[in-house]
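For reference, the structure discussed in these notes is given below.
The values are calculated or read from the model by the stated rules, or taken from the named source; none is laboratory data. These numbers were taken from a predicted model, which means no experiment stands behind them. No Cβ is skipped: glycine too gets one built from the backbone with ideal geometry, and neighbour counts run over all protein chains shown. Accessible surface is based on the protein model in full, side chains and every heavy atom, while ligands, DNA and RNA are left aside. Shrake-Rupley method; radii C 1.70, N 1.55, O 1.52, S 1.80 Å.
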Amino acid sequence: MTYFNCHAHTMYSNIRLLDCINRPDKLIEKAYEMGMSGIAITDHECLSAHMEVNQFAKKFRKEHPEFTIALGNEIYLTDTRDTNQKYWHFILIAKDEIGHKGLRELSTIAWKNSYVDRRMERVPTLKSELVEIIEKYRGHILATSACMGGELSTNAYAMSLAQEANNMEAAQHHYQEIQKFMAFMLEVFGDDFYIECAPSTRKDQITTNKKLLSIARAYNIPIVVGTDAHYMTEADRPIHKAYLNSKDGEREVDDFYEFARLMTPNECAELLFKSFDADVVDEIFENSKKLQNKIQWYSLERKQIIPKVEVKDYQQVSYDIFANYPILNSLFKSDNVQERYWAHECHQALVQKGIMNDEYLARLETEADVIKYIGEQLDDCLFAYFNTFKHYIDLFWECGSTVGPGRGSATGFLSNYLLGITQLDPIRWGLPYWRFLNKERAELPDIDIDLAPSKRPAVFNAIRKERGELGLVQVATFGTEGTKSAILTACRGYRSKECPDGIDVDIAQYMSSLVPQERGFLWDIKDVVYGNEEKDRKPVQAFIREVNNYPGLLDIIMYISGLVNKRGIHASGVILYGEDPFDTAAFMKAPNGDLITCYDLHHAEAAGDTKYDLLVTEISDKIIKCFEMLENDNIIEHDTLRNTYNKYLHPEVID
């Protein structure tokens, strides 16, 4: 006897409020080890774990093909975005890759419309939005009524209490709310809607479970089980409690989260027996496996997509001067407009700069050969990558920002210089091309561009005006509990008879100060406690003595170290999206309100996205201001920023 667990969380549920201590890979391994037939990852309005989980599942299913790892989302379902309302929990699970695109759209809508209510960031999905998106992806997304925080369970429990109290008016009200909810769900999801119960000895959950069963019988809807796992095992419960207490003070974690963990089939069944007869429990387990059978395996990984811009459509021509350069010659005659544009623009720059000679043509031929080869390996037109960069370099100047001369190996490519992406002639300065791109490393290049900080918002707005609101999105980052952070967090959440409100902050700070650092990096907590022979590190005895004064504290520190606990924005990385951003991505908001990807850079690239690095340097603003002052005082003539820069500060001029 086994079951599919339709409701479980990972540490990515922490990005708005500390909530969970499960690492995705460990959660999945433990679920399999405990005998479940599969598990759904359903973080709190967050898809950020999905690529990590999907990549892990790809490897895991090679040895365990029968174990299903589903991707879902626990959304907050409401009628409006009013404040001071109840935000009902609701589970969505993608049945296939089409369904996952629907999850990405819905999640993005929720985040784009987020707001603060009662000092918490709220990301509800409106029922009207659910209807619209599910209609678009009908048959590809299934749903459950979620936990005690769901609308159905809340009304089921309230109706039972009202009936016990013989309050027929209240009971009738909740009965009508249940009817309305069920009619809505059946209309939206049909036979892809399931009622979710939970294993527990708590009276409120047992009462709710029994009412949910009667509702399931009345509507002939399957009832399934979800354990709403926020930690893995009963032994982990004190750590989960400490983690929650560290942020919000004393919470009812012993009660509310008592059974919010993974369970073996036997443990789950034993707890369900508190609510149901044995035949009903068998039915629930069987229903969970029928739900599981609707979920197909799919991969979220895609080859990286090079963002395209519209370019001038040069005619197909042949030049005698390129007769000895077959790759370049083929580009001028190519059927691909991006290839022709690249070749013509490079040719014109060679002429304008007066460097149309065999040395430069040979170098350009070599680079064209490398670009063409790598593009073929990547199954995309790599020339478009440079054309897109050129397009936006021009736009940056038009937005009133200077553009830096170029960083690192990108300056070694002659074509970058000819397209205006960089400002150094690599042949003149003896810069090798192969450090930037070569056939031995068939991957997308990485070019860093320096902009003026004050102009970056204008640049972003201009790109979004051209490509759409989601045409440019900054890359997300995820902060974790570092060694010092884990110590301080654990001390705040620690509870004992001697420390009912946590460990004194001065003691916590002292303890964290005992962590050594090398070259600006703190030791990992394991190295602090156990040492590391490979790195010639010995255990820090002073820390060990101090932490052992508080039984169980070290376990908390070790467990939570490395957990994701916040989201942020990549310092320079942005991703450009085409007509349908949801083909690869979903989007959130950073704490400051800026749009960000739901994945970090590594996982966004795995989904097929391509990063562009738009850095900022304060000197750029100073240069711009200096030019303005010189022009205002008529010391230099008025001209465009780019022309003025090229006249006075271009590297080829000031040399």
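Here is how the numbers come out for the structure above:
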| item | result |
| --- | --- |
| Placed amide H near Ile596: partners under 5 Å, 5+ positions off or other chain | Met588, Lys589, Ala590 |
| Percent of beta bridges antiparallel (DSSP, the chain, rounded to nearest 5) | 55 percent |
| Span from the region 506-552 Cα centroid across to the region 2-16 one, whole angstrom | 32 Å |
| Protection proxy ranking, peptides 494-501, 283-290, average beta carbon neighbours within 10 Å, highest first | 283-290, 494-501 |
| Equivalent ellipsoid semi-axes, the chain, via Cα gyration tensor eigenvalues times 5, rooted, Å | 54, 31, 24 |
| Amide proton proximity set for Trp88, modelled H, under 5 Å, gap of 5+ | Leu77 |
| Distant-in-sequence amide H partners of Ile41 (H built 1.01 Å from N, under 5 Å) | Ala70, Leu71, Gly72 |
| Percentage relative contact order, region 294-397, counting C-alpha pairs under 8 Å, at least six apart | 34 percent |
| Within the chain: Cβ-based charge dipole about Cα centre, in debye rounded to nearest 20 (Lys, Arg +1; Asp, Glu -1) | 480 debye |
| Using alpha-carbon coordinates, inclination of helix 358-378 to the longest axis of the chain, degrees | 20 degrees |
| With DNA, RNA and ligands ignored, accessible area of Phe273 (1.4 Å probe; Å², nearest 10) | 90 Å² |
| Distance between region 562-624 and region 392-442 - C-alpha centres, whole angstrom | 22 Å |
| Calculated from backbone phi, Karplus (6.51, -1.76, 1.60) coupling profile of region 289-298 in Hz, x at Gly/Pro | 6, 5, 4, 4, 5, 7, 8, 8, 7, 8 |
| Shape category assigned to region 341-436 from the gyration tensor of Cα positions, a/c cut at 1.5 | rounded |
| Euclidean distance of C-alpha centroids, region 164-222 and region 226-299, integer Å | 19 Å |
| Rounded to whole Hz, the Karplus (6.51, -1.76, 1.60) HN-Hα couplings of region 405-418, x for glycine and proline | x, x, 10, x, 5, 4, 6, x, 9, 4, 5, 4, 5, 5 |
| Charge-dipole axis of the chain as Lys and Arg at +1 and Asp and Glu at -1 on Cβ define it, positive-most pick from Ile393, Val337, Tyr577 | Tyr577 |
| Cα-based shape type of region 484-642, given that a ≥ b ≥ c are square roots of the gyration tensor eigenvalues and the cut on a/c is 1.5 | prolate |
| Per-residue ³J(HN,Hα) for region 525-535, Karplus 6.51 cos²θ - 1.76 cosθ + 1.60, θ = phi - 60°, Hz, x for Gly and Pro | 4, 5, 5, 4, 8, 10, x, 8, 4, 4, 9 |
| Accessible-area value, Asp313, 1.4 Å probe, nucleic acids and ligands omitted, Å² | 100 Å² |
| Helix 97-112 axis, angle to the chain major axis (alpha carbon atoms, nearest 10°) | 90 degrees |
| Cα long-axis angle, helix 337-352 against the chain (0 to 90 degrees, to the nearest 10) | 40 degrees |
| Candidate lysines for bridging to Lys241, where Cα separation is under 23 Å - those fewer than 8 sequence places away on the same chain excluded | Lys26, Lys30, Lys203, Lys484, Lys497, Lys526, Lys566 |
| Entries of Lys372/Lys622; Lys59/Lys290; Lys439/Lys611 with Cα pairs more than 32 Å apart | Lys372/Lys622 |
| Size of charge dipole - region 411-532 - debye, nearest 20, with Cβ of Lys, Arg +1 and Asp, Glu -1, no other charges | 420 debye |
| Rounded to the nearest 10 Å², the accessible area of Leu378 at probe 1.4 Å | 50 Å² |
| Estimated [θ] at 222 nm from DSSP helical runs (n ≥ 4, -39500 (n - 2.57)) normalised by residues in the chain, nearest 500 | -13500 deg cm²/dmol |
| Candidate aspartates and glutamates - alpha carbon under 17 Å from Lys127, same-chain residues fewer than 8 apart omitted | Glu45, Glu74, Asp79, Asp82, Glu105, Glu135, Glu151, Glu177, Glu187, Asp192 |
| Listed pairs Lys308/Lys390; Lys101/Lys294; Lys86/Lys289; Lys247/Lys535 exceeding 23 Å between Cα atoms | Lys86/Lys289; Lys247/Lys535 |
